[in-house]
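One structure is given here, and the rest of the page talks about it.
The values are calculated or read from the model by the stated rules, or taken from the named source; none is laboratory data. Bear in mind that the values here come from a model prediction, so they are computed numbers and not experimental data. Here the Cβ is made from the backbone with ideal geometry for all residues, glycine too, and neighbour counts use every protein chain on show.
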Amino acid sequence: MITRVYTWAISLLLLSSFYTQTAVAANDNISENIVQTKQGKVRGTYERDVCVWRGIKYAKAPLGDLRFRAPQPVESWIGVKDAVAFSPVAPQQESNLGTKGPQSEDCLALNIWSPAADAKKRPVMVWIHGGGFVIGSGSSDLYYGANLAKKGDVVIVTINYRLGPLGFLYFNNNKDFESNLGIRDQIAALEWVKQNIAAFGGDPDLVTIFGESAGGTSVQTLLATHSANGLFERAIAQSGPPALPWSTTIADSITNIFLRILKVSPNNLQVLKHLPTDTLLAATKELEKYMIANMNDKVFSPTIDGELLTHDIFKCMKPEVGGIVPVLIGCNRNESSMFASKRLKIAPNNAKDLEKYFDAVTTQESKTKVTTAYSKYPRKSAVLDILTDAVFRVPSIRLAECRSLYAPVYMYRFEWSSFALNISGLGSFHGLEIPFVFGNHEGKLGGLLKLIATKKLANRLTDQMQTAWLNFARYGNPNGKGEETWKPYTVDERATMIFSKESKLVKDPDAKQRAAWDGVVYY
């Protein structure tokens, strides 16, 4: 339960309260930047010396009978389609924490930034956005891909996928309704990339998937999905809780609660095909209220359905399931701070409330073992450290331990913060690493960074993270062809790169606290 208390909360990325997620508009310089895809020709634009294509559909609109069905290939067209504007975002609740812009179920589209649409085979990096599987889009200005594409001479792709009930309701393998649709959408987008990205200057055999929060969990899920085998060669999971996927029992209960809110009988599911999206979104809001009122910790998430996702993520990392794919994985030092903030109030921020969760999911012996390892417990700072470790760090370490038996794994922790962030109680909060990975320091985002970091520091940390991510995409390790300063993660040394004012490789950081979780089962 400690793990799942964050599932819906992760959707409310605090980053969005600092700067609105709005699409970066294409400039007026529509040129003859035309590319031939397998389905037809598309025309893009040029921005910052990079070619850009927006809103390219990778699947049919999932409307009518296609609602709650697996994505279908786009039909071919004659002539040239303009790819100069972002597609609508997936239907989601509108708020100052959500993605702005038009919404539509006709949202299955992707965006591409490439140095050139030529025959050069560049590494391809496909970004999967976060948002707790209920909000977000690939068109957020947080993920503007020009800077990263230009710096690394790589092709950046961002995608939309179905969210909330339209993407993650579980239907127990009903023949007319399919499950894990958001993950199926991600696979369809990767299939499109495999088929078409060479025309945009990318190498279809050198694809890296990367994502944050729910996007990080998506990356981990794709590693455990047979259907995604061969569609990517590298994987980067940023702050993605690996323990989020549902069991079918939990998934069934969520679907039944949702149907009761809608007053739809499980024997009359066809009604769902025709309900307005506003009705589904209103029911989602009621579901969240129900969860809070009943201390329930379950929300939309991928399901281990036995069909698309057949194994628990922690148990299916063998090569025959996930392939021999190098993984870069990590989290931020203060992931929990935003969830326990006065603004959100959706995570325990005191020992009394934390122990309620412990009592529900584990033994008294385990609770004592864990809490005594944090010297400042029961102070708030220790409560938040326990939550961060429970939800993000420890599950990521367990996944790395398993994965490192079969493929290279590189572990990181983002610890940079500032005086202002520390005074606010946020520290290295959830999502803070994103602007450093993408190198987006302009506009509202740049204004925020200027308040909390010097230009010199921001540029240095950005260069360090981008270089590591780009090397990993190109070579399968963050060192590239240079000296091995960042060693693979093993259970013997537990090498972890700490990104901060002075970035460095550390062996087994916070070893006492990490070891306290050994043998503790809580998810």
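Among the residues making up the range 340-352, a single one is surrounded by fewer than 14 Cβ atoms within 10 Å (Cβ to Cβ) and either polar (S, T, N, Q) or in contact with a helix residue (DSSP H, G or I) (Cβ under 6 Å, 6 or more places away or on another chain) (or both): ASN350. List the residue pairs whose Cβ atoms are under 7 Å apart, where the first residue sits in the range 114-135 and is under 30 Å from GLU288 (Cα atoms) and touching a residue at least 60 places away in the same chain (Cβ under 8 Å), the second is buried (at least 24 other Cβ atoms within 10 Å of the Cβ) and of a type in the set (Asp, Glu), and the two are 6 or more positions apart or on different chains. Qualifying pairs under 7 Å: GLY130/GLU212. Got at least one residue in the range 193-207 being in contact with a Ser or Thr (Cβ under 7 Å, 6 or more places away or on another chain), at pLDDT 95 or above and crowded, with 24+ Cβ neighbours inside 10 Å? Yes: one or more hits. All conditions in (1) farther than 23 Å from VAL325 by Cα; (2) surrounded by fewer than 17 Cβ atoms within 10 Å (Cβ to Cβ); (3) not aromatic (Phe, Trp, Tyr) hold for ILE386, with the sole exception of (2). The residues of the range 315-352 that are outside any loop (DSSP other than H, G, I, E, B), at pLDDT below 90 and of a type in the set (D, E, K, R), listed by number, are LYS315, GLU320. Scanning the range 277-291 turns up no residue that is among the acidic types (Asp, Glu) and closer than 30 Å to ALA407 by Cβ. One residue stands out in the range 268-314 among those that are within 18 Å of LEU166 (Cβ to Cβ), in a helix (DSSP H, G or I) and hydrophobic (A, V, I, L, M, F, W, C): the one that is modelled with the lowest pLDDT, namely LEU287. Within the option set THR284, THR277, THR249, being under 24 Å from SER213 (Cβ atoms) and surrounded by fewer than 18 Cβ atoms within 10 Å (Cβ to Cβ) holds for one residue only, THR277.
Is it fair to say ILE112 is over 22 Å from VAL327 (Cα atoms), buried (at least 23 other Cβ atoms within 10 Å of the Cβ) and of a type in the set (Val, Ile, Thr)? When the stated conditions are applied, ILE112 passes them.
Being touching a residue at least 40 places away in the same chain (Cβ under 8 Å) and either not polar (S, T, N, Q) or not in a loop (DSSP other than H, G, I, E, B) (or both) is a description that applies to LYS512. Determine whether LYS175 is of a type in the set (Lys, Arg), free of Cβ contacts under 8 Å to residues at least 12 places away in the same chain and farther than 19 Å from VAL42 by Cβ. Answer is yes for this residue. Taking the listed residues GLU355, GLU365, the one that is surrounded by fewer than 22 Cβ atoms within 10 Å (Cβ to Cβ), of a type in the set (Asp, Glu), free of Cβ contacts under 8 Å to residues at least 12 places away in the same chain and under 21 Å from ALA516 (Cβ atoms) is GLU365, with no other qualifying. The condition (being at pLDDT 95 or above, surrounded by fewer than 20 Cβ atoms within 10 Å (Cβ to Cβ) and more than 30 Å from VAL50 (Cβ to Cβ)) is satisfied by just one residue among LEU262, LEU166, LEU181: LEU262.
Under the condition of being over 21 Å from ASN334 (Cα atoms) and surrounded by fewer than 17 Cβ atoms within 10 Å (Cβ to Cβ), the residues counted in the range 368-383 number 1. Can ALA515 be described as modelled with pLDDT of 95 or more and of a type in the set (Gly, Ala, Ser)? Criteria met by ALA515. Considering the range 379-489, the qualifying helices (runs of 4 or more DSSP H), each wholly inside and each with 3 or more residues that are free of Cβ contacts under 8 Å to residues at least 24 places away in the same chain, run over 419-424, 443-452, 455-475.
Residues in the range 197-228 that are within 19 Å of the chain's Cα centre (by Cα) and part of a loop (DSSP other than H, G, I, E, B): SER213, ALA224, THR225.
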